Amino acid sequence: MPRKRRVLAEANVDLTPMIDVTFLLLIFFLCTLSFRVLEGRLDTNLPKDVGQSSDPITAQLETFDVALEPDPTMQSGLRIVANRRLVADARTLGELVQRSRKIDPEMRVKLHVDGTVTHGQVVNVVDELVAHGQLAILFATG
């Protein structure tokens with residue numbers, strides 16, 4: 001015995017009132033929105049123009065250059081060169097930076113990191129620098 005197919009009536013939903021309410025809410029929220037002024041509230045580290053220094057030691061210590069390169073012959077697998085001198089490990093680098101900060105407290109450390117150095121090795125070096133009081137660390141590319 002064949003079944004009779006029911007013909008379902010198509011439901012028509014008028015979306016116009018819902019769209020109207022949505023736009024009214026959008027206009028309401030846009031009109032009541034207040035923007036916060038963030039100018040002057042964000043901490044920035046802008047360079048200061050101090051000119052040329054006549055003292056070569058101070059000029060050298062304004063930026064402490066550190067190069068990180070992979071080296072499988074070193075115990076940590078990382079060769080650290082600070083101001084063109086080879087440093088044994090990250091702890092020694094931290095102590096060297098701490099001594100240099102006594103001469104120039106506003107000294108910045110610039111890290112030149114080779115692309116093949118792992119993220120963990122860089123984090124270990126940065127952790128040692130921070131542990132020895134160096135918070136101004138710049139990362140150089142190229």
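Taken together, the values in this text are just the output of simple stated rules run on the coordinates, not laboratory data. These numbers were taken from a predicted model, which means no experiment stands behind them. Backbone-built Cβ (ideal geometry, glycine too); neighbour counts: all protein chains shown.
With 0.36 nm allotted per residue and the present C-alpha distance subtracted, the PHE23-LEU135 stretch has 35.4 nm of extension available.
Between the beta carbons of THR116 and VAL37, assuming R0 = 35 Å, the FRET efficiency works out to 0.20 to the nearest 0.05.
Rg over Rh for region 56-140 works out to 0.94, both radii taken from alpha-carbon positions and Rh defined as the Kirkwood radius. Rounded to the nearest 20 debye, the dipole magnitude of region 56-140 is 200 debye, with +1 charges on Lys and Arg beta carbons, -1 on Asp and Glu beta carbons, and the Cα centre as origin.
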